Amino acid sequence: MSYDGEQAPVPGRIAQAREPRLLEQVSARMRLKHYSRRTEQAYLYWIRRYIRAWLPRHPRELDGAAVEAFLTRLATRDNVAASTQNQALSALLFLYREVLGVDLPWMENVVRAKRPQRLPVVLTRAQVARLLERLAGREALMAGLLYGSGLRLMECVRLRVKDVGLERNELVVRDGKGGKDRMTVLPSSLREALSRQVAETRVLHARDLACGLGRVHLPHALARKYPNAAAELAWQYVFPATRISVDPRDGERRRHHIDEKVLQKAVRRAALESGFDRPVTPHTLRHCFATHLLESGADIRTVQELLGHKDVATTQIYTHVLNRGALGVLSPLDR
């Protein structure tokens with residue numbers, strides 16, 4: 001099995017079908033199991049690094065010592081975070097279990113790095129207002145949805161027209177983290193701006209259709225089940241990209257959603273202009289959504305549902321800023 005290049009053809013021999021290389025098999029297996037594109041790219045990156053670290057030996061010839069040595073090198077020499085180290089381990093587990101089909105008991109004994117518990121950065125209501133005032137247009141609307149609806153960054157950029165409920169003031173998040181759907185609130189103050197955005201998407205979509213385009217990527221096997229759905233307005237992204245691009249999976253020319261880096265850069269720039277002395281990212285607005293709801297007396301279970309957390313313990317981290325500072329207690333000095 002080849003995993004680092006192909007062998008040159010031998011003159012005089014009849015060409016035979018090439019056996020898929022190892023990384024190609026990894027991609028095929030991940031797509032069969034419906035892993036996200038980002039997860040696929042991350043796993044391929046770590047498997048490629050693992051292969052190169054032990055060339056010319058094939059991964060099938062390696063044991064637990066090689067995996068532990070690779071992970072240790074990441075932590076000691078490359079100084080990666082615990083989450084990064086665990087991602088590399090997950091990629092190697094997928095390689096051995098799902099692709100090579102090797103049942104190795106020693107893989108169960110490889111210890112995952114312990115992730116440190118970090119408290120989220122939360123802005124005050126006045127600071128959030130100051131930040132949003134320094135954003136304009138599409139970026140202001142997207143940032144407003146992150147704060148007003150508790151969306152994750154990628155949930156916002158992947159929002160489709162059919163999932164916007166202007167009449168009922170609700171948004172449906174499809175295939176969120178963990179592959180779960182959920183419903184969250186749509187702020188009334190954003191209804192008009194979101195309606196205009198959908199209208200702009202409708203005009204852009206009609207223009208694409210007139211040019212023989214206008215078909216958007218559909219998840220899983222929906223494109224085969226509903227052949228015409230990809231060209232319908234309902235499936236178009238609310239925040240489409242400004243230009244047509246080539247889908248790396250099938251080579252089709254489509255209009256994808258906006259690049260998430262556009263909002264990341266806009267929020268970072270607005271935070272600098274606001275003079276904040278703490279790092280502020282789009283995800284900070286989601287933290288503010290949860291914290292400010294709890295401050296207003298919302299039930300923690302309700303906030304858990306709106307955020308899409310699997311465990312309420314994840315939501316409880318936001319209680320650290322309730323009422324008066326850390327843990328909601330009053331310092332004895334202030335008494």
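The values are calculated or read from the model by the stated rules, or taken from the named source; none is laboratory data. This is a predicted model, so every value here is computed, not measured. Cβ sites come from the backbone with ideal geometry, for glycine too, and all protein chains shown count toward neighbours.
May I ask you to say which residue of K180, K162 is surrounded by fewer than 17 Cβ atoms within 10 Å (Cβ to Cβ), touching a residue at least 40 places away in the same chain (Cβ under 8 Å) and within 18 Å of P240 (Cβ to Cβ)?
Details: K180 fails: within 18 Å of P240 (Cβ to Cβ).
Only one candidate passes the filter, namely K162.
Is it the case that region 210-217 has a residue that's at pLDDT 90 or above and not in a loop (DSSP other than H, G, I, E, B)?
Taking every residue of region 210-217 in turn, at least one turns out to be at pLDDT 90 or above and not in a loop (DSSP other than H, G, I, E, B).
Could you grab the pairs with beta carbons closer than 7 Å, sequence gap of 6+ or different chains, first residue in region 184-210 and over 11 Å from L166 (Cβ atoms) and assigned by TED's automatic domain parsing to the domain that holds R301, second one among the hydroxyl-bearing types (S, T, Y) and not in a helix (DSSP H, G or I)?
Once the first residue is over 11 Å from L166 (Cβ atoms) and assigned by TED's automatic domain parsing to the domain that holds R301 and sits in region 184-210, no partner that is among the hydroxyl-bearing types (S, T, Y) and not in a helix (DSSP H, G or I) comes close enough.
Can you give me the number of residues within region 230-250 that are part of a helix (DSSP H, G or I) and surrounded by 15 or more Cβ atoms within 10 Å (Cβ to Cβ)? Walk me through it before giving the result.
At the first step, the residues of region 230-250 found to be part of a helix (DSSP H, G or I) are 230-231, 233-235.
Next, from what is left, pick out any that are surrounded by 15 or more Cβ atoms within 10 Å (Cβ to Cβ): 230-231, 233, 235.
Residues flagged as part of a helix (DSSP H, G or I) and surrounded by 15 or more Cβ atoms within 10 Å (Cβ to Cβ) within region 230-250 amount to 4.
Residue by residue, here is whether (1) of a type outside the set (A, V, I, L, M); (2) at pLDDT 90 or above; (3) touching a Lys or Arg at 6+ places or on another chain (Cβ under 8 Å); (4) more than 18 Å from M142 (Cβ to Cβ) holds:
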site	(1), (2), (3), (4)
A271	no, yes, no, no
S274	yes, yes, yes, no
L285	no, yes, no, no
F289	yes, yes, no, no
E295	yes, no, no, yes
D299	yes, no, no, yes
Y318	yes, no, no, yes
S331	yes, no, no, yes
D334	yes, no, no, yes
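Of the residues R52, R57, which single one is modelled with pLDDT of 90 or more and exposed (fewer than 11 other Cβ atoms within 10 Å of the Cβ)? Step through it out loud before you land on a result.
On the way: R57 fails: exposed (fewer than 11 other Cβ atoms within 10 Å of the Cβ).
Exactly one of R52, R57 is modelled with pLDDT of 90 or more and exposed (fewer than 11 other Cβ atoms within 10 Å of the Cβ), namely R52.
Give the number of residues within region 54-104 that are closer than 22 Å to R21 by Cβ and in a helix (DSSP H, G or I). So that I can check it myself, show each step before the final result.
Taking region 54-104 first, the residues closer than 22 Å to R21 by Cβ are 54-62, 66-67, 70, 88, 90-102, 104.
Imposing the further condition that a residue be in a helix (DSSP H, G or I) reduces the set to 59-61, 66-67, 70, 88, 90-99.
Selection size over region 54-104: 17.
Going by the conditions given, is L153 in contact with a Ser or Thr (Cβ under 6 Å, 6 or more places away or on another chain), closer than 21 Å to P282 by Cβ and touching a residue at least 24 places away in the same chain (Cβ under 8 Å)? Can you show your working first?
Values: in contact with a Ser or Thr (Cβ under 6 Å, 6 or more places away or on another chain): no; closer than 21 Å to P282 by Cβ: yes; touching a residue at least 24 places away in the same chain (Cβ under 8 Å): yes.
No: the conditions fail for L153.
So, R253, is that one exposed (fewer than 14 other Cβ atoms within 10 Å of the Cβ), within 25 Å of Y237 (Cβ to Cβ) and in the same structural domain as R152 (by TED's automatic domain parsing) or not? Spell out the reasoning first.
Working: exposed (fewer than 14 other Cβ atoms within 10 Å of the Cβ): yes; within 25 Å of Y237 (Cβ to Cβ): yes; in the same structural domain as R152 (by TED's automatic domain parsing): yes.
Taking the combined requirement at face value, the residue satisfies it.
On the given criteria, is D259 over 25 Å from A28 (Cβ atoms) and loosely packed, with under 12 Cβ neighbours inside 10 Å? Reasoning before the result, please.
On the way: over 25 Å from A28 (Cβ atoms): yes; loosely packed, with under 12 Cβ neighbours inside 10 Å: no.
When the stated conditions are applied, D259 does not pass them.
Are any residues in region 210-225 hydrophobic (A, V, I, L, M, F, W, C) and more than 16 Å from A241 (Cβ to Cβ), and if so, which ones? Spell out how you get there, then give the answer.
Keep residues of region 210-225 that are hydrophobic (A, V, I, L, M, F, W, C), which gives 210-211, 213, 216, 218, 221-223.
Selection gives A210, L218, A221, L222, A223.
Give the residue, chosen from V172, V198, that is on the phi < 0 side of the Ramachandran plot, outside any helix (DSSP H, G or I), among the aliphatic types (A, V, I, L, M) and in contact with a strand residue (DSSP E or B) (Cβ under 7 Å, 6 or more places away or on another chain). Show your work before the answer.
Numbers: V198 fails: outside any helix (DSSP H, G or I).
Just a single option satisfies the conditions, and that option is V172.
Which numbered condition in (1) surrounded by 11 or more Cβ atoms within 10 Å (Cβ to Cβ); (2) at pLDDT below 90; (3) in the same structural domain as S27 (by TED's automatic domain parsing); (4) in contact with a helix residue (DSSP H, G or I) (Cβ under 8 Å, 6 or more places away or on another chain) is the only one that T72 fails?
T72 satisfies all of (1) surrounded by 11 or more Cβ atoms within 10 Å (Cβ to Cβ); (2) at pLDDT below 90; (3) in the same structural domain as S27 (by TED's automatic domain parsing); (4) in contact with a helix residue (DSSP H, G or I) (Cβ under 8 Å, 6 or more places away or on another chain) except (4).
Out of all the residues in region 109-131, is one or more modelled with pLDDT under 90, exposed (fewer than 15 other Cβ atoms within 10 Å of the Cβ) and part of a helix (DSSP H, G or I)?
There is at least one residue in region 109-131 that is modelled with pLDDT under 90, exposed (fewer than 15 other Cβ atoms within 10 Å of the Cβ) and part of a helix (DSSP H, G or I).
Do the conditions hold for L306, that is, is it within 21 Å of G176 (Cα to Cα) and either modelled with pLDDT of 85 or more or surrounded by fewer than 18 Cβ atoms within 10 Å (Cβ to Cβ) (or both)? Even if it seems obvious, please write down each step before you answer.
Details: within 21 Å of G176 (Cα to Cα): yes; either modelled with pLDDT of 85 or more or surrounded by fewer than 18 Cβ atoms within 10 Å (Cβ to Cβ) (or both): yes.
In short, yes.
Just need a number here: residues in region 153-167 that are over 17 Å from E232 (Cβ atoms) and assigned to a loop (DSSP other than H, G, I, E, B). Spell out how you get there, then give the answer.
Initial filter on region 153-167 (over 17 Å from E232 (Cβ atoms)): 153-157, 165-167.
Filter once more, keeping what is assigned to a loop (DSSP other than H, G, I, E, B): 166-167.
Within region 153-167, residues that are over 17 Å from E232 (Cβ atoms) and assigned to a loop (DSSP other than H, G, I, E, B) number 2.
Is it the case, given these coordinates, that E19 is modelled with pLDDT of 85 or more and surrounded by fewer than 17 Cβ atoms within 10 Å (Cβ to Cβ)? Give the derivation first.
Working: modelled with pLDDT of 85 or more: no; surrounded by fewer than 17 Cβ atoms within 10 Å (Cβ to Cβ): yes.
No, not satisfied.
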